[in-house]
Amino acid sequence: MKRLISLIVLLVMVAGISFGSGQKETEKVDQPAEDNALSGSITLYTSETLTDVQEYANQFMKLYPETTVEIFRTGTTELTAKLQSELSAGQTPADVVWFADMALFEDFAAKGYLETIYPSEVANVPDKFVYFDGKAYEVRLIYQIVMYNTNLVKKEVRGWETLLDPEFKGRVGSASPFYSGAALTQVATIAADERLGWDYYKKLAANEAVVGGGNGGVARGIASGEFAIGLTIDFMARSQKEQGAPVDYVYQEEGALYVPTPISVMSSSSNKELAEAFVNYLMSVPGQLQLQANGYMPVSSSVALPEGVPSPADIAILKTDWQYLRNSRQELLDTYGEIFGIQ
Amino acid sequence: MKKAINIDTYILLPIFLLILGTLFIYPLSRLFFLALQHNGERVFTNIGIVFTEASNLKALKNTIVLGLSTSALASAIGFLLSWLIVRTDLGMKRIFEVLLVLPFFIPPFITAFAWIRLLGRGGYLNTLLCSLFGLDNPPFNIYGFWGVLLVSVIYTYPYAYIIISRSIRNVDASFEEAARCSGATRWQALRDIALPVILPAVTATALIIFVTTISMFGIPMILGTPGRFIVLTTRIYGYVGSFRDPNGINIAAAMSLVLVTVAVLGLIMQNFLIRKEKYAVVTGKHQAAEASSLGILRFPVTIIVAVFTLLVVAAPISAIFVTSIMKALGLSISPENITAAHYVRVLTGMPIIVRAFRNSFLLALSAPTVLVLIAVVLHFAQRHLEMPGAGSIGTFLSTPYAIPGTVIAVMMIAAFIQPIFGVSIYNTIWILFIAYILRFAVFPIRTIGAAWKQLDPALEEVARVSGAKKYHMLRDISVPLLKGGISAGWLLAFMPCLTELTLSILLYSPRNETIGVTAYNLIQEGLVTVAGALAMIIIFVVFILQLFTRSGSRNRYLRGT
């Protein structure tokens, strides 16, 4: 018992010392903005890959040494929960928000939570990626595609229909619209599509598709051989492929699913200038180049695409009616849940 | 006995109430407010929805069935193992003692992933069985109720083992010896003397495991959802985070209240079961029981336990290890696909991981310590200060464990986002500290309560009669005799604190990351192999810690000195 106590005391001391030194890092002296240099600190809430976002933030902080960008990263579901809890309790520390739930952004825009901004670099952004009259923007493009394991799938993979092949019965992976914004977008899009419709989901359920949590899980499952084929996000497939996993992916011939991942400045931000500057950085050529280096499709046409990635102009996409999604969220989930036997 | 109000009550009670008030009642009150609001009005609509929608009722049924079956199985396994190791001459005891508690040290979501790697469609064990028996389809499906049950039992049986084995060790053998001298067989002595007195520990165990299981999120989410097995926690998670319904959070809060009610019923039942009996078997004249011989069964039983350990402990850890050394997922296990790069990256290239270790250890060392102090003071007040309501306070403090981490986090956000008395704990490590204390209070409170019940009151009275002040008695008699319960309670709180995830992913802030959060983010980024390396390091560190503490405390009991 004495040993246990002395061990604890020792560990607490060690932890305390290292914790103490960590605290010092956080004390930043805010420079007075006398010479128009940007200063202060902002907090970014995002579901983007943490290592990638950390790179953008680090580069930004190098450009503006008097600034700090704090990143809070968690899954989209948790992020939604946290933001909504904070907002309903009256305040949020978030200055910039960036994640894949278009319907939620729309709701926030309508409620006045988002600030209208017109950063100087917006010229780089095509009009269709300016959302809600400047309350949100797209800075890079992602799509939901069909990914497959090259060891398990030998035939040609063409698109949505391939997932219905009985050869893949029980080995098709998909994210759940109950947890994934992108999956919910998919349901709204497919349900309204003339060729596919709810029929498609009924056939998919008959083929015993495994509906789990998020797109990341599907990508991992395909890489590890858990699933043979499935629906997930293109950059996740690219990432697994780069790591050396036996996978590949295609943009569906019927049309891929475009997944918006808006970024906005919160109207409650205490440092809107800095927040806008950060969004601006991501739109600028250096920022777009960083995004491209991480394998994302930049939104600006003046920046080259990552290797092996087709041009957005060449990718056929299915049409998504955002109003329909926003108004029918409940029914979409209920019908989908019934078809797949999950609620 | 006349209940005297004395000066301790005037000092202790207000202090307790103050702590309770800020830490517990205030956030919990938020839960009630959230649950009772629907579209801005105070109504019972949410509770109605919880009990009328078919899918919600199904989730409730699934939850209770899962809780009961996990509790029964895990307690039985834990009890059997405890008895075999403490009271018989089982072979390879030392190895089993160390290995069998390991599943408890692995964060449950990592265990769930490990079992997918074993028994998923492309899993190692399934593939092995297919090739061994020439099967077309893998025989086991890890998704669904059975997979969740399997992994839940694997995660929780060590709780049972830890609590029950300590309780058995505490039993003074002279009672059984007396029975045997009077002609009882060894089995009769065991059944009629020893078993009844470890009942508080067994019921405490069954209860803790039940509540753990019904409030668990990671395992049902990862293994249950893809198999269409939905429980209350996964349903709540869907309500809270998917914005499916503007009243989502309110319905989730109402559902959490249902969970809490179920847990409280269990707590009350446990209190009732052990209330009237006399369990004092720690008499101070301690004599360890001699190990009973298993006879010809010794060898086969040892083999069975060894196979069990291999399957339940070695297999998942091996799966994680293999994942951590592969260059990428899906590659075959061959020399050219093996690398140590992930370990190098975790140990040197990621400052966030060093921070996470530091933060998690700080929290995991301090929260249980504070909880043990609270538990000792509470039970002391109940038994020796006749503080009215101390028992109820203990029960009340145990309930947040039943509330899913997601909901506690939402409560904490709602309660603490605005500064209180000018102080804001939001986005600091303190909000995590308080959340952990809220969540894991149940362990020290239950185990120390059970252990104190085992103490013969004579031991403490002797001190008082000889003139010792109550506090001296506490320090010199009670606490040393409670060592088993204290260390069990501390350890049981320490491990979940160290690897906690569901609270942390909502409450952490930049530079206050925890180990669980870091592993989760790594997995979400697709860096499963790196997460595997991190998991192996966690297992290794905790394993070493466990060896260190074990060597100090074990042998005294076995040798009976």
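Considering the conditions (1) of a type outside the set (Phe, Trp, Tyr); (2) within 18 Å of A:Tyr281 (Cα to Cα); (3) at the interface with chain B (Cβ under 10 Å from one of its Cβ atoms), A:Thr67 is excluded by exactly one of them, (3). Can you name every residue in the stretch A:117-150 that is in a loop (DSSP other than H, G, I, E, B) and either closer than 17 Å to A:Ala316 by Cα or touching a residue at least 40 places away in the same chain (Cβ under 8 Å) (or both)? Correct list: A:Ile117, A:Pro119, A:Val125, A:Pro126, A:Lys135, A:Glu138, A:Val139, A:Thr150. Any residue at all in the stretch B:431-441 that is out of contact with any Leu (no Cβ under 8 Å at 6 or more places or on another chain) and either farther than 22 Å from B:Glu513 by Cβ or part of a helix (DSSP H, G or I) (or both)? No: zero hits. Evaluation of B:Ile164 against the conditions (1) crowded, with 20+ Cβ neighbours inside 10 Å; (2) out of contact with any Gly (no Cβ under 8 Å at 6 or more places or on another chain); (3) of a type outside the set (Ser, Thr, Tyr) shows that the sole unmet condition is (2). With the structure loaded, tell me whether B:Val376 is crowded, with 24+ Cβ neighbours inside 10 Å, in contact (Cβ under 8 Å) with a residue 60 or more places away in the chain and either more than 12 Å from chain A (Cβ to nearest Cβ) or in a helix (DSSP H, G or I) (or both) or whether it fails that test. In short, no. Condition test on A:Gly75, is it facing chain B (nearest Cβ under 7 Å) and under 22 Å from A:Ala188 (Cα atoms)? Taking the combined requirement at face value, the residue satisfies it.
If you check B:Thr185, B:Thr233, B:Thr213, B:Thr203 for being among the polar types (S, T, N, Q) and free of Cβ contacts under 8 Å to residues at least 12 places away in the same chain, only one passes: B:Thr185. When B:Pro138, B:Pro220 are checked against the criterion of being in contact (Cβ under 8 Å) with a residue 12 or more places away in the chain and either surrounded by fewer than 16 Cβ atoms within 10 Å (Cβ to Cβ) or within 24 Å of the chain's Cα centre (by Cα) (or both), a single residue qualifies: B:Pro220.
This table checks each residue for (1) farther than 30 Å from B:Ala253 by Cα; (2) surrounded by 16 or more Cβ atoms within 10 Å (Cβ to Cβ).
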position	(1), (2)
B:Ile304	yes, no
B:Ala328	yes, yes
B:Ile333	yes, no
B:Gly349	yes, no
B:Ala367	no, yes
B:Ser398	no, yes
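For first residues located in the stretch B:393-414 and closer than 19 Å to B:Pro496 by Cα, partners that are aromatic (Phe, Trp, Tyr) and lie 6+ apart or on another chain with Cβ distances below 8 Å form the pairs B:Leu397/B:Phe24; B:Pro400/B:Phe24; B:Tyr401/B:Phe440; B:Pro404/B:Phe217; B:Pro404/B:Tyr237; B:Gly405/B:Phe217; B:Thr406/B:Phe217; B:Thr406/B:Tyr237. Within the bounds of the stretch B:198-210, is there any residue that is modelled with pLDDT of 80 or more, under 18 Å from B:Thr70 (Cβ atoms), within 14 Å of another protein chain (Cβ to nearest Cβ) and surrounded by fewer than 24 Cβ atoms within 10 Å (Cβ to Cβ)? No - not one qualifying residue is present in the stretch B:198-210. Consider the stretch A:241-257 and keep the residues that are of a type outside the set (D, E, K, R) and part of a loop (DSSP other than H, G, I, E, B). The one that is farthest from the other protein chains (Cβ to nearest Cβ) is A:Gly255. Meeting the requirement of 3 or more residues that are under 28 Å from B:Ser215 (Cβ atoms) and either free of Cβ contacts under 8 Å to residues at least 60 places away in the same chain or more than 9 Å from every other protein chain (Cβ to nearest Cβ) (or both), the helices (runs of 4 or more DSSP H) wholly within the stretch B:453-532 are B:483-499, B:515-524.
On the given criteria, is A:Gln252 closer than 30 Å to A:Thr67 by Cβ and not hydrophobic (A, V, I, L, M, F, W, C)? In short, no. The number of residues in the stretch A:179-205 that are without any contact (Cβ under 8 Å) to a residue 24 or more places away in the chain and assigned to a helix (DSSP H, G or I) comes to 2.
In the stretch A:151-174 there is at least one residue matching the filter, namely being closer than 23 Å to A:Glu242 by Cβ, surrounded by fewer than 16 Cβ atoms within 10 Å (Cβ to Cβ) and in contact (Cβ under 8 Å) with a residue 24 or more places away in the chain.
Screening the candidates B:Ile420, B:Ile353 for the property of being touching a residue at least 60 places away in the same chain (Cβ under 8 Å) and buried (at least 18 other Cβ atoms within 10 Å of the Cβ) yields one hit, B:Ile353. From the list A:Arg329, A:Arg238, which one is basic (Lys, Arg), within 11 Å of another protein chain (Cβ to nearest Cβ), buried (at least 18 other Cβ atoms within 10 Å of the Cβ) and within 16 Å of A:Ala188 (Cα to Cα)? None of the other options fit; the residue is A:Arg329. Every condition in (1) surrounded by fewer than 20 Cβ atoms within 10 Å (Cβ to Cβ); (2) within 14 Å of chain A (Cβ to nearest Cβ) holds for B:Thr323 except the one numbered (1). When B:Val465 is tested against (1) within 20 Å of A:Ala89 (Cα to Cα); (2) over 26 Å from the mean Cα position of the chain (by Cα), exactly one condition is not met: (1). Is one or more of the residues making up the stretch A:215-225 touching a residue at least 24 places away in the same chain (Cβ under 8 Å), β-branched (Val, Ile, Thr) and in contact with an Asp or Glu (Cβ under 7 Å, 6 or more places away or on another chain)? Within the stretch A:215-225, not a single residue is touching a residue at least 24 places away in the same chain (Cβ under 8 Å), β-branched (Val, Ile, Thr) and in contact with an Asp or Glu (Cβ under 7 Å, 6 or more places away or on another chain). In the stretch A:51-81, what count of residues is obtained for those that are assigned to a helix (DSSP H, G or I), of a type outside the set (Ser, Thr, Tyr) and either surrounded by fewer than 18 Cβ atoms within 10 Å (Cβ to Cβ) or at pLDDT below 85 (or both)? Qualifying residue count, the stretch A:51-81: 9. Of the residues making up the stretch B:80-116, those that are among the small types (Gly, Ala, Ser) and more than 14 Å from chain A (Cβ to nearest Cβ) are B:Ser82, B:Gly91. On inspection, A:Ala237 does not qualify as closer than 24 Å to A:Thr335 by Cβ, outside any loop (DSSP other than H, G, I, E, B), modelled with pLDDT of 90 or more and touching a helix residue (DSSP H, G or I) at 6+ places or on another chain (Cβ under 9 Å).
For the stretch A:194-208, residues that are in contact with a Phe, Trp or Tyr (Cβ under 8 Å, 6 or more places away or on another chain) and not aliphatic (A, V, I, L, M) total 3. Answer yes or no: is there a residue in the stretch A:89-106 that is on the phi > 0 side of the Ramachandran plot, part of a loop (DSSP other than H, G, I, E, B) and out of contact with any Leu (no Cβ under 8 Å at 6 or more places or on another chain). Checking the stretch A:89-106: at least one residue is on the phi > 0 side of the Ramachandran plot, part of a loop (DSSP other than H, G, I, E, B) and out of contact with any Leu (no Cβ under 8 Å at 6 or more places or on another chain).
Residue count for the stretch A:197-217 satisfying the condition of being over 16 Å from A:Glu167 (Cβ atoms) and within 10 Å of another protein chain (Cβ to nearest Cβ): 7.
The values are calculated or read from the model by the stated rules, or taken from the named source; none is laboratory data. Given the structure is predicted, the values throughout are model-derived calculations rather than measurements. Using ideal geometry, Cβ is built from the backbone for each residue, glycine included, and neighbour counts are taken over all protein chains shown.
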